[in-house]
Amino acid sequence: MATRAVSQQSKSYPGAASRGTNQSGVRLYNERLVLSLIRSNGALPKADLARMTGLSPQTISIITNQLDADGLLLKGNPLRGKVGQPLVPYSLNPEGALSFGLKIGRRSVDLYLINFTGKVLKLLHKTYPYPTPDGIKEFARTGIDALLDGISPALRGRIAGLGIAAPYEMWTWHEEIGAPKSEIDAWRDVDMRAMIAEICSWPVYFANDITAACAAELMFGAGDEYIDYLYIFIGSFIGGGLVLNGHLFPGRTQNAGALGSMPAQSPPAGASGRTPQLMNVASIYVLERKLLAQGRNPDVLWQSPDDWGDLGPVLDEWIDEVARSLAFSIVAAIAVIDVETVVLDGAFPTHVRSRIIEQTERALADVNRQGLSRFRLVAGSIGNAARAMGGASLPLLANFTQDREVLFKDNA
């Protein structure tokens with residue numbers, strides 16, 4: 001996924017060849033290990049890093065000195081009060097690397113610029129009835145220039161790349177999102193990564209949007225507090241991701257944890273048609289359709305995902321349907337993967353997330369879990385930004401973490 005293409009029309013920005021920001025396939029495993037440990041645990045002195053990695057103090061000294069020289073680590077103040085030489089903690093340098101995240105959704109597109117510790121420096125958000133390749137490409141082209149405006153040359157030189165977080169097979173959802181089939185079919189022949197690489201001066205990466213959101217929770221959110229977890233994100237369509245032994249597990253086709261495609265509860269006896277999938281019940285597009293059926297404008301769902309205002313009883317009805325179906329699917333998933341935690345997040349206000357979790361907990365009490373280990377259902381920590389943050393995490397995952405070996409092993 002690290003292939004880069006630059007068209008003659010695209011602007012060229014400095015920094016893509018810097019050792020500190022473009023080490024896909026080059027940065028040593030032990031350097032990535034040290035960076036990953038500091039990201040997960042916070043500032044650490046060399047002695048702790050040596051103990052945690054099993055590497056010699058001399059080797060750790062060489063690694064931290066090199067990472068410090070690369071501008072990826074910062075030396076802290078010596079920790080005094082212990083016998084021997086004061087310990088000097090090392091932390092991630094927020095300006096050590098920057099990256100872009102492009103989230104392509106069914107109803108909106110976002111472009112984020114984040115720093116090495118996950119702080120959002122700038123962002124752009126745009127809604128539409130449905131995405132088109134030309135519209136997305138133009139948004140990205142003008143958006144990159146807009147986000148770079150006012151960014152110093154030194155920081156531009158620390159940009160590691162651009163990550164795209166988008167659904168697979170966009171063209172298959174024309175009925176659910178109400179897009180003309182002829183126009184949404186244009187995605188069938190589009191290589192998203194190659195399309196964006198034409199107008200981008202840095203390496204471009206791609207991942208399924210919910211896999212990327214799961215990566216963002218692991219890298220920047222509360223995900224590193226749990227060893228194994230199933231990640232659920234409710235957007236236009238519900239989806240999922242999977243973390244095993246503290247590492248992202250994308251699966252054979254980069255689509256592990258695809259909860260949206262799981263069968264929902266069986267339809268009532270005598271009902272016609274196929275058994276619905278979870279995405280046909282527990283997705284925001286279902287709430288959109290309920291609002292439209294009442295003659296109401298659903299645009300607030302996409303324009304203001306952090307503040308829906310007062311939607312009234314229709315929201316209550318949707319949350320109840322989501323919770324009942326979600327409880328059934330969570331138990332089915334736990335029976336297979338046996339994780340200790342389920343993390344739920346989505347493109348909605350935090351109070352909606354809380355209500356979904358509370359009602360799902362109640363619905364779980366009605367599902368037979370005999371023979372299954374106990375698990376906990378917890379809230380995600382990033383919310384609507386998770387997919388764009390996940391896209392922005394891809395260049396950082398590729399260059400500076402152990403998860404590169406998992407997520408990019410076939411496309412390095």
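Some values worked out for this structure:
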| read-out | value |
| --- | --- |
| Pick from segment 85-109, criterion among the polar types (S, T, N, Q) and in contact (Cβ under 8 Å) with a residue 24 or more places away in the chain, ranking: most open to solvent (accessible area, probe 1.4 Å) | SER91 |
| Qualifying positions in segment 196-218 - open to solvent by less than 20 Å² (accessible area, probe 1.4 Å) and of a type in the set (A, V, I, L, M) | ILE196, ALA197, VAL204, ALA207, ILE210, ALA212, ALA213, ALA215, ALA216 |
| Failed criterion for ALA43 (all others in (1) open to solvent by less than 30 Å² (accessible area, probe 1.4 Å); (2) aliphatic (A, V, I, L, M); (3) under 26 Å from the mean Cα position of the chain (by Cα); (4) modelled with pLDDT of 95 or more hold) | (1) |
| Residue within segment 59-71 that is touching a residue at least 24 places away in the same chain (Cβ under 8 Å), in contact with a Phe, Trp or Tyr (Cβ under 6 Å, 6 or more places away or on another chain), closer than 30 Å to ASN384 by Cα and not in a strand (DSSP E or B) present | no |
| Unique match (being in a loop (DSSP other than H, G, I, E, B), of a type outside the set (A, V, I, L, M), touching a residue at least 24 places away in the same chain (Cβ under 8 Å) and under 18 Å from LEU394 (Cβ atoms)) among TYR130, TYR112, TYR168 | TYR168 |
| Residue in segment 153-161 that is open to solvent by 10 Å² or more (accessible area, probe 1.4 Å), in contact with a helix residue (DSSP H, G or I) (Cβ under 7 Å, 6 or more places away or on another chain) and farther than 26 Å from LEU35 by Cα present | no |
| So ARG19, is it loosely packed, with under 14 Cβ neighbours inside 10 Å and either modelled with pLDDT of 95 or more or of a type in the set (Asp, Glu) (or both) | no |
| Residue list for segment 210-222, restricted to those being in contact with a Leu (Cβ under 9 Å, 6 or more places away or on another chain) and small (Gly, Ala, Ser) | ALA212, ALA215 |
| Hits in segment 308-354 - residues which are over 20 Å from ASP209 (Cα atoms), touching a Ser or Thr at 6+ places or on another chain (Cβ under 8 Å) and charged (D, E, K, R) | ASP338, GLU340 |
| Hits in segment 308-357 (condition: under 21 Å from the mean Cα position of the chain (by Cα), surrounded by fewer than 17 Cβ atoms within 10 Å (Cβ to Cβ) and not in a helix (DSSP H, G or I)) | GLU340 |
| Residue in segment 107-115 that is closer than 16 Å to ALA347 by Cβ and of a type in the set (Gly, Ala, Ser) present | yes |
| Residue ID - farthest from PRO395 (Cα to Cα), chosen from residues in segment 140-165 that are of a type in the set (A, V, I, L, M) and assigned to a helix (DSSP H, G or I) | ALA146 |
| Number of positions in segment 132-163 that are out of contact with any strand residue (DSSP E or B) (no Cβ under 8 Å at 6 or more places or on another chain), among the β-branched types (Val, Ile, Thr) and at pLDDT 95 or above | 1 |
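The values are calculated or read from the model by the stated rules, or taken from the named source; none is laboratory data. Note that the structure is a prediction, hence the values are computed from the model and not measured. Methodologically, a virtual Cβ is constructed for each residue, glycine included, from the backbone with ideal geometry; neighbour enumeration extends over all protein chains shown. Side chains included, ligands, DNA and RNA excluded: accessible areas come from the protein's heavy atoms. Shrake-Rupley method; radii C 1.70, N 1.55, O 1.52, S 1.80 Å.
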